[in-house]
Amino acid sequence: MQIELETIISLIIGLLFCFFGYRIQKVVISLVWFIIGYRLANFIAPNFIGDQTTILIISIVVGLILLSIGYKLEKLAIFITVSYLVYTTIAPYIGLLNQSSNISLLIQAGASLIIGALSVIYIKYILIFITSIAGANLITEIIPTFISLNSTIILIIFIVLSLLGILFQFKNN
């Protein structure tokens with residue numbers, strides 16, 4: 001039951017990001033900062049602590065601390081948030097283009113940082129593009145839990161959802 005609930009929540013978050021990302025930018029930025037803090041603590045804490053409950057509590061606390069920092073330092077938060085979203089979104093697609101992991105990592109990191117820096121200058125446009133693409137990516141990661149589709153169909157769904165999200169957000173913002 002927990003997996004189904006998480007899947008539905010992730011699908012709703014993906015739809016919100018895809019079609020309303022710019023309108024809910026403060027929430028998106030705060031959520032991404034929380035996720036970064038949570039994942040970072042969840043990655044590091046097991047090296048020092050064995051108790052899963054303590055690791056969970058520490059991860060939530062670190063997530064909340066980074067959430068508040070991200071909310072207060074909006075420009076820096078936008079740069080890091082957009083860079084992070086680009087980095088995680090393009091990861092599966094960069095691997096298809098190049099087999100070398102070092103080149104893929106370099107392309108992924110370079111693109112993320114460039115788009116992150118541009119997002120501070122062109123905040124509205126970049127946030128619309130990135131939130132639409134990130135939302136479409138989240139949705140297409142979840143679709144296989146409901147139905148089995150080949151990767152070409154998933155890529156087409158990703159592109160169509162991204163474009164629909166971008167068009168919808170530009171029309172309504």
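Evaluation of Phe19 against the conditions (1) at pLDDT below 90; (2) surrounded by 20 or more Cβ atoms within 10 Å (Cβ to Cβ); (3) assigned to a helix (DSSP H, G or I); (4) not aliphatic (A, V, I, L, M) shows that the sole unmet condition is (1). All told, Val32 falls short of being in a helix (DSSP H, G or I) and surrounded by fewer than 16 Cβ atoms within 10 Å (Cβ to Cβ). Scanning the range 60-73 for residues that are over 28 Å from Ile166 (Cα atoms) and touching a Lys or Arg at 6+ places or on another chain (Cβ under 9 Å) turns up at least one hit. Can you tell me which residues in the range 35-57 are part of a helix (DSSP H, G or I) and of a type outside the set (A, V, I, L, M, F, W, C)? The answer is Gly37, Tyr38, Arg39, Asn42, Pro46, Asn47, Gln52, Thr53, Thr54.
Among the residues of the range 39-59, those that are among the hydrophobic types (A, V, I, L, M, F, W, C) and under 18 Å from the mean Cα position of the chain (by Cα) comprise Leu40, Ala41, Phe43. Is it true that some residue in the range 4-18 is touching a residue at least 60 places away in the same chain (Cβ under 8 Å) and β-branched (Val, Ile, Thr)? Yes: one or more hits.
The values are calculated or read from the model by the stated rules, or taken from the named source; none is laboratory data. Every value quoted in this text rests on a predicted model; they were computed, and no experiment measured them. Quick reminder, even Gly has a Cβ in these numbers, built from the backbone with ideal geometry, and neighbours come from all protein chains shown.
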